[in-house]
Amino acid sequence: SPFFKEYIPANGHEVILKAKLNANENPYGPSPKAVAAFREKADLGNRYAWKELLDLIEKIAEKEGVSRQHLIMGPGSSDLLEKVGMVFFFENGGNVVSADPSYMSLMKVAEATGAEWKPVPLKEDWSHDLDAMEKAIDANTKLVYICNPNNPTGTITDADALYDFCSRVSEKVPVFVDEAYLDFLPEKDQRSMVSLVSKGKNVIVARTFSKIHGMAGLRVGYVVGLPETLNRINKITRGGMGISLPSVYAAKASMDDLEFQNKTRKLNNDTKDYVYKSLKKLGFEYVPSYTNFMIFPIAMEGQAFLDKMYAQGVGVRSFNILGKDWCRVSMGTMDEMKMFTGALQDVAG
Ligand code: PLP
């Protein structure tokens, strides 16, 4: 796509990062309660997690207000995004419609199986262009993918508009809504599309323990969808088989640790405010973010920028969006963000 080019940081050389701000991880997690549960159950690492996984599925189903037939677990949501990409497109061809730029995992798998990606640019306000996406659907469209809030932009699409879109469009073609970052919104604004599944709509919602729960390295995620759609996915995955038993216990403990989730949300907002102010002082514009990362344009070639930031021990990402180079920086601890703004001033200030 002309709109979306990704740069991979400093190849070949090992870089010791002082600030790891390139993967939208949670710098505060996992929750101490999740760590304690993981440690306590490490001795059971010789066992498969059957019953324990069922307990976790019950717990998540209850939280989501669906039955356990509406849920598949995976080692992170990546696994399920990829498997949906495979099952929907392998040998079937067709196309997938999504925003551009967006999180590419599912589309890359679809393309690898021979399907076509139909990118639809985000609107000027960085929300999904739902009208244009609906128009892009054709007889060969097998799936629509929406990431809300969106990665790499950190921006949101209006929940009412998205709800209408999913409700209407899922009558024609399944809609996959990736809600990896929804937990970073204030709780009152977290409008998940899961309620559409309860209404029988062919919507698939992905959630992950990697972000607000700080469990990216422990690998737990899930999708909610109609049982008949999940049966298709289940043909090529025994999703839960990929999750380690101690991680199942960690996920359960983390779900109960609301204090940790609230702390993450608060510290994330504090660091974002600090970065907003620092960027302003340094003369950068930025895109206000609803997630644990943000983008801002850099007046430098992306790879050169990354190399210089990495040389200072600060790992960020760079994307080419609409012909311009942008930095995507994940929110680390306040100390990491101070290193980031210091390095930014040296490199591009
Ligand atoms: N979806 C989005 C939008 C993401 O940004 C990521 C990871 O960064 C994922 C899904 C996959 O995360 P995980 O496999 O850790 O659940």
Next item on the list: Return the long-range amide H neighbours of Ile298 (sequence gap of 5 or more, or a different chain), with a cut-off of under 5 Å between placed amide H atoms.
Entry: Asp325, Trp326, Cys327
Next item on the list: Would you mind pulling out the separation of the Cα centroids of the stretch 232-279 and the stretch 78-129, in Å?
Entry: 24
Next item on the list: Taking only Cα atoms and a 10 Å spring cutoff, compute GNM fluctuations for the chain and point out the largest among Met294, Met339, Met331.
Entry: Met339
Next item on the list: Filter the cross-link list Lys142/Lys201; Lys20/Lys263; Lys281/Lys308; Lys41/Lys272; Lys63/Lys266; Lys280/Lys308 down to pairs whose alpha-carbon distance in this structure exceeds 24 Å.
Entry: Lys41/Lys272
Notebook entry, point to check: Computed on alpha carbon atoms, what radius of gyration and Dmax characterise the stretch 102-147, expressed in Å?
Noted result: 11.0, 33
Check: Most mobile of Leu230, Leu122, Leu44 per a Gaussian network model of the chain (Cα springs, under 10 Å)?
Finding: Leu44
Check: If you take the alpha carbon radius of gyration of the stretch 219-261 and divide it by 2.2 N^0.38 Å, what ratio comes out, to two decimals?
Finding: 1.43
Notebook entry, point to check: What do the square roots of 5 times the Cα gyration tensor eigenvalues come to for the stretch 63-210, in whole Å, largest first, as semi-axes of the equivalent ellipsoid?
Noted result: 21, 18, 15
Notebook entry, point to check: Rounded, prolate or oblate: which fits the stretch 126-282, taking a ≥ b ≥ c as square roots of the Cα gyration tensor eigenvalues, rounded meaning a/c under 1.5, else prolate when a/b beats b/c?
Noted result: oblate
Check: Based only on the alpha carbon positions, what is the Kirkwood hydrodynamic radius of the chain, in angstrom?
Finding: 20.8
Checklist line | Cα-based radius of gyration of the stretch 214-327 once divided by 2.2 N^0.38 Å, which approximates compact folds | finding: 1.47
Next item on the list: Work out how much length Lys20 to Asp138 would gain on full extension: take 0.36 nm times their residue separation and subtract the Cα-Cα distance, in nm to one decimal.
Entry: 38.4 nm
Checklist line | Per-q log10 I(q)/I(0), the stretch 18-96, q = 0.16, 0.19, 0.26 Å⁻¹ (Debye; single scatterer per alpha-carbon; no solvent) | finding: -0.96, -1.13, -1.22
Check: Given only helices, namely DSSP H runs of n ≥ 4 each adding -39500 (n - 2.57), what is the per-residue ellipticity at 222 nm of the chain, to the nearest 500 deg cm²/dmol?
Finding: -12000 deg cm²/dmol
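The numbers here are math on the coordinates, done by the rules we state, and not lab data. In this text the structure is predicted, and so the values were computed from the model without any measurement.
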